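Shown next, in structure tokens, is the structure this report addresses.
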Amino acid sequence: MNGVGTIVKTYNPVVDSGTYSRVTWKTSAEFDLGPQNLLYATIETGYRAGGFQLAEGKSRYDPEFITAYTVGSKNRFFNNRVQLNVEGFYWKYKDQQITYFTVDTSGTLINSNENAGKSTIKGFDVDAIIKATPTTTLNAKVQYLKATYNDLHLYTASPRDNIACPFTLTGASAGGAPVKDFNCSGKPLLYSPKWTVNLGAEQVVPLGRSLELVGNVATAWRDDQWGAFEYLDFEHIRAYWQTDLNLTLRAADGGWSLGAFLYNLENKRRMSTPQRSPIGMAIARYTAPQTYGLRLSANF
């Protein structure tokens, strides 16, 4: 009533202050094989501070740390008409911060920031751009990704315990129900498709000296991925293709352009963010349907 928040009741001490700091570093090396080819390697550390939250029994969470290793090669061939880049990466997370629905010591459902223990992200990507003709450009990118929670434990109690991971009882209770420790270690990180493919082509058609018509096709494939920590079947996002088209008439000097676009050529709406509702329902947000329109731009 007086504009100042007041804690009426709490089972645990409230944490509202603290200090987080960390020195991070990066080291890298590059070796030029020639004027158009190089190798590189990088090791770097990252840090995200912890924080505070108004959640009973979960009043603070710890910092997050990462050590990232990267090796790769950048190359150009055939008088710069072909660019080929290859990179491998290996990331180690410690105390990775996640957010999910759990219960506090009184049995109240809370949306809490937690530290997930450890996770590993590794893989590689290959990126190619080909100037097939002076007016034709092709591009392709393929990525392999293996992202795994090495240590992920989710704590909750009935009726919020619909989690597809093995569990053990902690001995504690919340709201009269036993608290369960769901061990989801070994599960993939969220929104981490194992394979990703991007393909594209651009064709420029000169129309006299002052105009040009540009056509662009881009298609992408995403492998299966998970969208929520419960790992329930409806939270499994199936693999899919999506294709976008653009056709643009523009001034050769870049002064203005008039374009038409068509997104989601397949005209399929796909699940983007599934979520288990706190009251027991399955909730999902879907991507946009087929979308088309015109775009006019000008530089002054």
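Here is how the numbers come out for the structure above:
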quantity: Protein-only accessible surface order, largest first, of W256, W25 at 1.4 Å; calculated: W25, W256
quantity: Average Cα contact separation per residue, the stretch 39-114, under 8 Å, 6 or more apart, as relative contact order %; calculated: 30
quantity: Rel. contact order, % - alpha carbon contacts under 8 angstrom, at least six apart, the chain; calculated: 10
quantity: Rounded FRET efficiency, nearest 0.05, which uses the C-beta distance separating Y20 from F124 and R0 of 45 Å; calculated: 0.85
quantity: Convex hull of the stretch 146-300 built on C-alpha atoms - directionally averaged projected area, nm²; calculated: 13.2
quantity: Amide H partners (placed H, <5 Å) of Q53, local residues excluded; calculated: R60
quantity: Set K141/K268; K131/K194; K146/K180; K92/K118; K58/K92; K122/K187 screened for pairs whose C-alpha atoms are more than 18 Å apart; calculated: K141/K268; K131/K194; K146/K180; K58/K92
quantity: The stretch 28-184 - percent relative contact order, Cα under 8 Å, separation 6 or more; calculated: 17
quantity: Of all accessible heavy-atom area on the stretch 27-175, the percent that carbon and sulfur account for (1.4 Å); calculated: 55
quantity: Among S192, L245, P134 - extreme Cα towards positive end, dipole of the chain, charges at beta-carbon; calculated: P134
quantity: Extension gain from N267 to W195, taking 0.36 nm per residue of separation minus the Cα-Cα distance; calculated: 23.7 nm
quantity: Residues of the stretch 34-77 with amide N under 18 Å of a point placed 7 Å along Cα→Cβ from L138; calculated: 76-77
quantity: Candidates F167, F261, F31, ranked by Gaussian network fluctuation over the chain, Cα under 10 Å, top entry; calculated: F31
quantity: Correct choice for semi-axes √(5λ) of the Cα gyration tensor in Å that was computed from the model, options (1) 30, 23, 17; (2) 46, 26, 20; (3) 64, 19, 16; calculated: (2)
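The values are calculated or read from the model by the stated rules, or taken from the named source; none is laboratory data. Here the structure is a predicted model, which means the values were calculated and not measured. Please note: Cβ atoms are built from the backbone with ideal geometry, for glycine as well, and neighbour counts cover all protein chains shown. Note: areas computed on protein heavy atoms with side chains; ligands, DNA, RNA excluded. Shrake-Rupley method; radii C 1.70, N 1.55, O 1.52, S 1.80 Å.
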